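These notes concern the structure reproduced below.
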Number of protein chains: 2
Amino acid sequence: METDAVFRALADPSRRALLDRLFARNGQTLMELCDGLAMSRQAVSKHLGILEEATLVTAVKRGREKLHYLNPVPIAEIADRWIGKFERARVKDLVAFKTQLESPEGDTE
Amino acid sequence: METDAVFRALADPSRRALLDRLFARNGQTLMELCDGLAMSRQAVSKHLGILEEATLVTAVKRGREKLHYLNPVPIAEIADRWIGKFERARVKDLVAFKTQLESPEGDTE
DNA sequence: TTGACATGCAACCAAACGGTTGCCTATAGT
DNA sequence: ACTATAGGCAACCGTTTGGTTGCATGTCAA
């Protein structure tokens with residue numbers, strides 16, 4: 001897996017927002033994903049292209065539309081292979097504790 | 001936590017390499033971290049500044065040196081709060097896929 | 001105290017990035 | 001057949017980014 005492409009794709013808040021939207025409802029078209037965002041269709045299309053290149057999003061053409069699907073596997077791989085090595089065990093309890101302290105609701109972003 | 005700063009800090013391969021180095025041996029000085037990298041000292045210093053701003057690295061001055069320490073908490077928090085939900089999505093999808101395999105007609109509920 | 005060493009600061013530069021606009025292609029609906 | 005709709009492509013633009021160089025500051029050691 002090209003780890004770098006995944007990290008760079010995740011670096012932009014608009015792209016993370018797009019992943020959030022696909023997480024909320026999978027298989028959306030470009031137009032649907034544009035809806036409500038303060039960006040041109042072409043900007044969203046570029047972001048989706050970057051997400052596709054990082055294999056975080058898979059797209060299927062259906063007629064004149066293009067349906068976009070979230071692929072969480074690369075993220076999970078990063079969590080497993082890269083983040084996991086940073087002393088997951090030692091920190092796990094601390095995170096749970098800190099999370100509870102900071103915001104019982106938890107922020108998604 | 002400023003999630004965005006962490007994601008942006010992680011987006012650069014040189015910075016991830018620096019985290020790797022600190023993971024291998026914690027508490028290194030700027031000079032030590034420069035060693036072997038094809039970059040000027042100032043470039044490394046900038047990277048460390050960005051990592052510090054993202055709270056991924058903590059630094060302590062000791063005399064004329066500055067010791068850098070890896071702080072894995074922000075990474076673990078991301079894994080927990082943000083990546084975790086996509087992992088759950090993956091599990092869900094796998095379950096759905098498996099269900100469909102087992103009963104192609106779909107469940108009657 | 002003088003010189004070497006570790007780091008900080010600021011200006012500068014090319015390249016990448018996020019976004020726009022304009023135009024083109026293909027499919028759907030009437 | 002014609003028109004509206006969904007999307008793609010490419011040029012362009014301002015800002016950020018990753019890097020450099022030059023100089024300043026602070027600290028150790030002789």
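Between a residue in the stretch A:54-67 that is within 14 Å of chain B (Cβ to nearest Cβ) and any residue that is in a strand (DSSP E or B) and more than 7 Å from DNA strand D (Cβ to nearest atom), which pairs come within a Cβ distance under 7 Å, given they are 6 or more apart or on different chains? What qualifies is A:VAL57/A:HIS68; A:VAL57/A:TYR69; A:VAL57/A:LEU70; A:THR58/A:TYR69.
Among B:ALA24, B:ALA79, which is the only one that is under 15 Å from B:MET1 (Cα atoms), among the aliphatic types (A, V, I, L, M) and free of Cβ contacts under 8 Å to residues at least 60 places away in the same chain? Of the residues listed, the single one that is under 15 Å from B:MET1 (Cα atoms), among the aliphatic types (A, V, I, L, M) and free of Cβ contacts under 8 Å to residues at least 60 places away in the same chain is B:ALA79.
May I ask you to list the residues in the stretch B:29-73 that are of a type in the set (S, T, N, Q) and touching a strand residue (DSSP E or B) at 6+ places or on another chain (Cβ under 6 Å)? Explain how you work it out, then say what you get.
Applying the first criterion (of a type in the set (S, T, N, Q)) to the stretch B:29-73 yields B:29, B:40, B:42, B:45, B:55, B:58, B:71.
B:THR29, B:THR58, B:ASN71 - these are the residues of the stretch B:29-73 that are of a type in the set (S, T, N, Q) and touching a strand residue (DSSP E or B) at 6+ places or on another chain (Cβ under 6 Å).
The single condition from (1) open to solvent by 30 Å² or more (accessible area, probe 1.4 Å); (2) modelled with pLDDT of 95 or more that B:CYS34 fails is (1).
Table: residues versus (1) within 14 Å of another protein chain (Cβ to nearest Cβ); (2) under 18 Å from B:PRO13 (Cα atoms); (3) of a type in the set (Val, Ile, Thr).
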| position | (1), (2), (3) |
| --- | --- |
| A:THR3 | yes, yes, yes |
| A:VAL6 | yes, yes, yes |
| A:SER14 | yes, no, no |
| A:CYS34 | no, no, no |
| A:GLY49 | no, no, no |
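The values are calculated or read from the model by the stated rules, or taken from the named source; none is laboratory data. Quick caveat: nothing in here was measured; it's all calculated off a predicted structure. So basically every Cβ, Gly included, is an ideal-geometry build from the backbone, and we count neighbours across all protein chains shown. The area values use the complete protein model at the heavy-atom level, side chains included, leaving out ligands, DNA and RNA. Shrake-Rupley method; radii C 1.70, N 1.55, O 1.52, S 1.80 Å.
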